[in-house]
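Step one of this worksheet: look at the structure below.
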Amino acid sequence: MEPTAEDPGAGSCAVSAPLPGQTAKFRLERRGKVVEGFIINVDGSHRAYVNRCPHAGTPLDLWPNEFLTEDGQHLICATHGAIFEPRSGVCVEGPCPGAVLEALVVEGQGPRLVVRCRN
Ligand code: FES
């Protein structure tokens, strides 16, 4: 059965779609462990990532749901300042250039979306 916003299924969760330029946090369960993630609306397109920096493994946000650079154009890790391209999750500046945030799958359209793990 395909996951829906009402019944997202295992390894998935339903999230409210953030507005353009905004982010939202969520949690889902993967193989019995809770995984924290966040979703970003990039010009109407949604991307979701695990909230774990590839540099040292800390959450990106020290202040809850603070993922964006001051100009709102990139994602930033608060621990050592790694900058990530929001569409690809690739680090473009900082201590881990080329490292990539772990992407999650975003499904659906409208105000309710489903986010699920890739594996
Ligand atoms: S832990 Fe994110 S930049 Fe170091």
Pairs returned, first residue in the stretch 98-119 that is without any contact (Cβ under 8 Å) to a residue 40 or more places away in the chain, second residue that is open to solvent by less than 60 Å² (accessible area, probe 1.4 Å), beta-carbon separation under 8 angstrom, 6 or more apart or interchain, are 98/90; 98/91; 118/103; 118/104; 118/105
If we ask which residues in the stretch 100-119 are open to solvent by 10 Å² or more (accessible area, probe 1.4 Å) and within 12 Å of residue 45 (Cα to Cα), their number turns out to be 5
Being assigned to a strand (DSSP E or B), open to solvent by less than 60 Å² (accessible area, probe 1.4 Å) and not hydrophobic (A, V, I, L, M, F, W, C) narrows 29, 36 down to just 36
For strands (runs of 3 or more DSSP E) lying entirely in the stretch 75-118, having 2 or more residues that are closer than 15 Å to residue 52 by Cα and away from the ligand (no atom under 13 Å from the Cβ) picks out 103-107
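Considering only the stretch 46-74, state which residues are among the hydroxyl-bearing types (Ser, Thr, Tyr) and in a loop (DSSP other than H, G, I, E, B).
Quick first cut of the stretch 46-74, residues among the hydroxyl-bearing types (Ser, Thr, Tyr) only: 49, 58, 69.
Once the filter is applied, which keeps residues that are among the hydroxyl-bearing types (Ser, Thr, Tyr) and in a loop (DSSP other than H, G, I, E, B), the stretch 46-74 yields 58, 69.
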Apart from one, (1) away from the ligand (no atom under 16 Å from the Cβ); (2) at pLDDT below 95 all hold for residue 62; the odd one out is (1)
Answer yes or no: is there a residue in the stretch 72-89 that is at pLDDT 95 or above, under 20 Å from residue 43 (Cα atoms) and among the charged types (D, E, K, R). yes
Out of curiosity, is residue 21 within 16 Å of the ligand (Cβ to nearest atom) and either surrounded by 13 or more Cβ atoms within 10 Å (Cβ to Cβ) or more than 21 Å from residue 106 (Cα to Cα) (or both)? no
Being modelled with pLDDT under 95, touching a Lys or Arg at 6+ places or on another chain (Cβ under 7 Å) and not aliphatic (A, V, I, L, M): is that true of residue 3 here?
yes
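The values are calculated or read from the model by the stated rules, or taken from the named source; none is laboratory data. Remember, predicted model here, so these are calculated numbers, not experimental data. Note that each Cβ is placed from the backbone with ideal geometry, even for glycine, and that neighbours are counted across all protein chains shown. Surface accessibility is based on the protein's heavy atoms, side chains included, excluding ligands, DNA and RNA. Shrake-Rupley method; radii C 1.70, N 1.55, O 1.52, S 1.80 Å.
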